[in-house]
Structure formats: C-alpha cells, structure tokens
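Heads up, the thing below is written out as structure tokens.
The values are calculated or read from the model by the stated rules, or taken from the named source; none is laboratory data. What you see is a predicted model; the values in this text were computed from it and never measured. Methodologically, a virtual Cβ is constructed for each residue, glycine included, from the backbone with ideal geometry; neighbour enumeration extends over all protein chains shown.
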Ligand code: SF4
Ligand code: SF4
Ligand code: FES
C-alpha cells in the first residue's frame, strides 16, 4: 500500500479544509470558497507566480508566501485576512498600477477588469504618483485579431503561457526589463493561431482586447446566457452576450468545462456569428418561381405543404440537419411520421461524423455541426429507419420523390447540403428551412426562415457523448421559426399552431420518460450546465495537451 497521504488537513482563515495531495494553498482555499486575489494564476495554465497578489501568512513561516505556488501540507495554518497580508496586497496593487494610464472610460475591459475590482476591494489608497511622471508605453499595437495596449499590461504572462502551452505557437514574449518591459510577438508579425480570442478573455486587464468587440458595447449593457457553441461537434461551453434592448448579439466567450473545452474556444466558434444578423439572413417565407422571388406568409406555406404531403406522403423526403436540437429532431420525426412520411435522412458531411477526436489536438472537429451524435442515438433508440446519403442520392436520381424538405440549415457552409441539392432532379420540388440565403438555393421552390441556434433552446449531443444545453439568448429574429413550429404548422395546415418557446421542454420530458437517451433521464431544470454523459455514444478522452 502507498504511504502517500490520501488527504491533507489544513486551515485557511480558521476554516478546516481537506485538500487533495498536490493541491496548492490557493487551490485548497478555493475548494472551501475562500477567494484570494490573483492575476497570473489560471486553472488551465502552468503556475508562474509573478504577480504576487495571492499573498498569505503561514504559521511558523516568518515571510509571507504566494499561495498559488505553495503546496498545501498536513497541519498547515494559513491566513489571508491579517493586516500584514492586507498591507502587502495593497502595496503590490499600487506597484501594478504605478504606470497604469487610468483610461477606464475608454477601455473595453472596464466593468470586468481585475485592476478596477481589486482596487475597490483591496486598494483604495491615495495615489502617490503624478500622472505626468508615469512611464508611457506603446498603445493600440495591432497584433492581428487582437489590439495590445502595453501601458495597461501588468506582465502577468498568462497570454505568453497560453501561446506556449495551449496552441504551442509561441508567438508572444516579454521583452526588456523592469518598467521598460513590453509584450510583443517575437517576429513583430500578427498572431497566427486559431484560438486568439482566448487571449482577450484571459488577460485580467484591458491590455489585450479583441478587434471584433472593441468599442462595440459597454459590458454592463449585456445580458449573459450559458449555452454551447454549435459550429462543430465539440460543443464548447460558452456564454452568449446580447443587449436585451436591441436583441443584438455582441459576444460569445468560452465557459469553463474541464471535460469539453477547459477554458477555451476557437476563433471560428467565437466570431463566425455574423450570419445571425447580416443582410443575407432570410427574413420571411419566399416562393421562387422562374427566378422571381415572391414573399409569402407562413400561413400560405403551411397550407401548401400540408396538402403536398397529404396527397402523397411516401413521395416526400425529409432531411434533418444536424444543427437541429435533439428535441426538434424528435418532434419532426414524430410529426412527419404521423403524416405518413416514411423517408428520412440527415444533412451533414457524413465523412466527418465518425471522427470523435479534435483534428488539431486542441478542440476543433472536422464535423462542423453540433448534433450528429444526437441524431444517431435518436434514430437507434426509436428504431426509425433512415437513409444515408448514398441511398438518398440513388432514390433522388431515380425520381422517387415529389418533395424534398431540408430542415434546420444554419450559417453559410451547411455541410452536406450542397451535394444533396446538386443531385436533386428538377422534378423534385425543394423546400429549404435555413437561416441564410446562399447561391445554392436557386433551385428551391420554397425558402423558409430558420431560427438560429442563438434563438432557440434544447439539447445537443457532442462527439464526446455529452448531452448539453443550448439556451436561447435572443428571440426568433424577423419571422423565423424553429423546426418545432414548422412541423406543427404543417401538421395543422395553418399558422395558429406555432409552438410556444417552451415546446422543447415538453419534448425533452418525453425523451427523458421514454429513456431515449439513457444517461439523460432528468428534469430539464436539473440538467447541469456542464452536460451529462448520455451513456451510449461513449465518451472519448477529454483534452490532453501537456502543460509547460
Ligand atoms: S497582456 Fe494581459 S495577459 Fe498578457 S501579460 Fe499583459 S496583463 Fe498579462
Ligand atoms: S472547437 Fe468547435 S465547438 Fe469549440 S468553439 Fe470551435 S467551433 Fe465551437
Ligand atoms: S496569482 Fe500567485 S503570484 Fe500571481
């Protein structure tokens, strides 16, 4: 038997804590909810111990220590609330702020800046420095997707460690010494990795700000919702920020989930969101007749489609995009099957779906849709027969279908849709439910506007087999409808049956009651924000990249 201790007993500020071996004092305190101020510590980066904000007093140790790099040991008695600690934290903060430009009114970090927060909490000293005597450094240095302000930088090295340990691209370094130190890319060239937005997140001050967000919106006007990214099968956990007055989407940031994305997300998932409100967004149902676009109402569309399906349901093919939530897919299967439809397929690039690991060794998956695993599991447990693309294409080319409905397309790439559309013969009328108009859609008879994944709630199953919550951050834009509403409208043949936004919860409950996803038998409200393992697809290994 190992003689290593299984647990370590220590006390912090009089609270008894049982820590795991290998934990630092900082981490042990965190487990007990004791907050210690810090700049350089980050849970997903190596420890640098350079900011000196996390000071603590340890019994029998004459000098104050940094808690982020001091291992917790048996019987340790730690205090972070003594006058001695408070004095030193205030002095360290004063040092960090000595040359700070104090441009909070024009800084995008204002409202979520750790210099502001800590000054209020641990500073409140009277400045001993005249503004004119401050050491000024370069401002607004363009390093690619990010703007660097050296005057605001407190040299915590989080950004340097991120490019060394996570992306391993090593673009950033700190040059010079003392108050001449500046952050730069080594070759003075722009950052060149696909994860640059994370630098703006982890910079605890306003030294690194994202061009995409700079000067767009004050953070205190934003409302935040926890959701997931839908731009690949990883399903990175995110926080979506929208201004509730304008319902405009301003920011998507990673939310920490050690099993999925640690604290990171890629730049595509973060910034490839312009389709939500750009000029190509479909705003109303449209009929295309000989190259002319005729605006129509949902009522007309529902009536026409209901009658098309009723007259020959077996000659209808329904394609479910793997951008759809699990609940939308289930509702569509039930609704269209009830109308007599027997042919279903999925819309995804099939070559990418089996690949359950990130192709770049960090997060990104070749499957650029969020819910192929949900589709597969749903089809398997409901024993629904469906066609893979090879069979669908054969049937399309044999002119077996009068109508082809493609439901739930999102964004501009729509993986898998192009091949199906190209192979659809002119005898088959096409209906496309999509967020965005693209050139490929010229062949369609009907275009109907889809609600984006920022406008609907439900669940997605990622490539690791985790079912996660997608949460609406804004209302359906323009006259968009999600697929719950589309299948309801077609079933009823009118526009009065459009489902309320709570429809997904009813379907989620049914899926839970019927154990369609065995690991996700629970109340929607009780489903953790970090997701649940559905217990079928099988969970691949979490992120594994060496630190340091
Ligand atoms: S730019 Fe930000 S993250 Fe990088 S060293 Fe300076 S303060 Fe730290
Ligand atoms: S890796 Fe995939 S899920 Fe994660 S942010 Fe990028 S596109 Fe989104
Ligand atoms: S957080 Fe401990 S030294 Fe920076």
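Of note:
- Checking residue 143 against (1) crowded, with 16+ Cβ neighbours inside 10 Å; (2) within 16 Å of residue 205 (Cα to Cα), the condition it does not meet: (2)
- Applying the set (1) more than 16 Å from ligand 3 (Cβ to nearest atom); (2) at pLDDT 95 or above; (3) surrounded by fewer than 21 Cβ atoms within 10 Å (Cβ to Cβ) to residue 187 leaves exactly one unmet item: (2).
- Exactly one residue out of 304, 318 is assigned by TED's automatic domain parsing to the domain that holds residue 517, at pLDDT 95 or above and assigned to a helix (DSSP H, G or I), and it is 304.
- Qualifying positions in the range 24-45 - in contact (Cβ under 8 Å) with a residue 40 or more places away in the chain and not in a loop (DSSP other than H, G, I, E, B): 24, 25, 26, 27, 28, 29
- Some residue of the range 353-372 being at pLDDT 95 or above, over 30 Å from residue 247 (Cα atoms) and in contact with a strand residue (DSSP E or B) (Cβ under 7 Å, 6 or more places away or on another chain): no
- Every residue from the range 174-185 that is more than 10 Å from ligand 1 (Cβ to nearest atom), in contact with a strand residue (DSSP E or B) (Cβ under 9 Å, 6 or more places away or on another chain) and not in a loop (DSSP other than H, G, I, E, B): 175, 184, 185
- Qualifying residue in the range 32-48 (condition: at negative phi, at pLDDT below 95 and outside the structural domain of residue 218 (by TED's automatic domain parsing)): no
- A residue that is within 16 Å of ligand 2 (Cβ to nearest atom) and touching a helix residue (DSSP H, G or I) at 6+ places or on another chain (Cβ under 9 Å) can be found somewhere in the range 129-148.
- Restricting attention to the range 159-179, the residues being within 16 Å of ligand 3 (Cβ to nearest atom) and crowded, with 22+ Cβ neighbours inside 10 Å number 2.
- Of everything in the range 51-63 that is in a loop (DSSP other than H, G, I, E, B) and surrounded by 15 or more Cβ atoms within 10 Å (Cβ to Cβ), the residue that is farthest from ligand 2 (Cβ to nearest atom) is 52.
Yes or no, residue by residue, for (1) within 16 Å of ligand 1 (Cβ to nearest atom); (2) outside any loop (DSSP other than H, G, I, E, B); (3) assigned by TED's automatic domain parsing to the domain that holds residue 361:
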site	(1), (2), (3)
194	no, no, no
200	yes, yes, no
204	yes, no, no
209	yes, yes, no
216	no, no, no
220	no, yes, no
242	no, yes, no
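- The set of residues from the range 45-63 being under 28 Å from residue 162 (Cβ atoms) and more than 10 Å from ligand 3 (Cβ to nearest atom) comprises 45, 46.
- Single condition residue 377 does not satisfy, out of (1) part of a helix (DSSP H, G or I); (2) surrounded by fewer than 21 Cβ atoms within 10 Å (Cβ to Cβ); (3) modelled with pLDDT under 95: (2)
- Taken together, 314, 287, 292 contain a single residue that is surrounded by fewer than 19 Cβ atoms within 10 Å (Cβ to Cβ) and without any contact (Cβ under 8 Å) to a residue 24 or more places away in the chain, which is 292.
- Checking each residue in the range 334-370 for being surrounded by fewer than 21 Cβ atoms within 10 Å (Cβ to Cβ) and part of a helix (DSSP H, G or I) picks out 334, 335, 337, 338, 350, 351, 352.
- Among the criteria (1) in a loop (DSSP other than H, G, I, E, B); (2) more than 27 Å from residue 217 (Cβ to Cβ), the one residue 111 does not fulfil is (2).
- Criterion: closer than 26 Å to residue 322 by Cα, in a strand (DSSP E or B), within 12 Å of ligand 2 (Cβ to nearest atom) and touching a helix residue (DSSP H, G or I) at 6+ places or on another chain (Cβ under 7 Å) - qualifying residue of 252, 238: 252
- Any hit, the range 28-45, residues being surrounded by fewer than 18 Cβ atoms within 10 Å (Cβ to Cβ) and within 16 Å of ligand 1 (Cβ to nearest atom): yes
- Condition met for residue 48 (more than 16 Å from ligand 2 (Cβ to nearest atom), under 28 Å from the mean Cα position of the chain (by Cα) and in contact (Cβ under 8 Å) with a residue 12 or more places away in the chain): yes
- Candidates in the range 120-173 are the residues that are away from ligand 1 (no atom under 15 Å from the Cβ) and part of a helix (DSSP H, G or I); of these, the one that is nearest to residue 81 (Cα to Cα) is 122.
- Matching entry among 432, 422 (being assigned by TED's automatic domain parsing to the domain that holds residue 317, surrounded by 19 or more Cβ atoms within 10 Å (Cβ to Cβ) and farther than 21 Å from residue 314 by Cβ): 432
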